[in-house]
1. Would you calculate a helix-derived [θ] at 222 nm for the chain, using -39,500 (n - 2.57) for each DSSP H run of n ≥ 4 and dividing by the full residue count, to the nearest 500?
2. What per residue convex hull volume, in Å³, do the alpha-carbon atoms of the stretch 22-148 yield?
3. Mind putting a number on the dipole of the stretch 32-148 about its Cα centre? Charges go on the C-beta only, +1 for Lys and Arg and -1 for Asp and Glu, and I need it in Debye to the nearest 20.
4. Could you tell me the extents of the stretch 88-138's C-alpha atoms along the three principal axes, largest first, rounded to whole Å?
5. Ignoring ligands, DNA and RNA, what accessible area per residue does the chain give at 1.4 Å, in Å²?
6. At a probe size of 1.4 Å, how large is the accessible area of V37, to the nearest 10 Å²?
7. Keeping the other protein chains in place, figure out the carbon and sulfur percent of the accessible area of the chain, with a 1.4 Å probe.
8. Quick check: Cα centre of the stretch 119-139 to Cα centre of the stretch 11-48, how many Å?
Amino acid sequence: MTATPVAERPGDEPRRHVYFATIRFADLDPLNHVNNVRMLTYLEDARIALLKWDAPDGDARVGGMVVARHEVDYLRPILLRPEPVRVETWVSEIRNASFRLEYEIVDDDHVYARAASVIVGYDLETQSPRRLDDNERAYLGQYLHPGE
């Protein structure tokens, strides 16, 4: 999937992470809509870009994490098109060992889906949940929009 991650809103204001997802022919279902499972892939790609893979220095922004929960409301079908859709992601809650991400799949005219994920800090070595450290909490805090 061709996509470009971009962080919006400079400075100390909370911001949304913006990821551009290109619609591919292989993403379509028999009705020529983007398949709902593919929409989850768009969310996954945006989540990885926000949390880990697009760090300029190549280092991970957060440690081990697992998804504990997903919620998705599919609001409008996405059809094959040359323009990418935006996956806007922000943090709505930070707890001791977990945080909640919210997403919208949008373009300039429509909201196609709204979703949320609960992400839990996870120690890969011990295979158990762990607390978020201060650096992770500070990074996530840049995207915190409480109550949104």
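The values are calculated or read from the model by the stated rules, or taken from the named source; none is laboratory data. Nothing here was measured: the structure is a model prediction, and the numbers come from that model. So basically every Cβ, Gly included, is an ideal-geometry build from the backbone, and we count neighbours across all protein chains shown. All accessible areas refer to the heavy atoms of the entire protein, side chains included, with ligands and DNA or RNA removed. Shrake-Rupley method; radii C 1.70, N 1.55, O 1.52, S 1.80 Å.
1. After summing the helix terms and dividing by residue count, I get -4000 deg cm²/dmol.
2. Working: hull volume 16.7 nm³, N = 127.
Residue-normalised Cα hull volume stands at 132 Å³.
3. The calculated dipole for the stretch 32-148 is roughly 340 debye.
4. In descending order, the Cα extents are 45, 22, 13 Å.
5. Values: 8330 Å² over 148 residues.
Value returned for the chain: 56 Å² of accessible area per residue.
6. Near enough 90 Å² of accessible area.
7. Working: 4070 of 8330 Å².
Carbon plus sulfur share of accessible area: 49 percent.
8. So the two Cα centres are separated by 25 Å.
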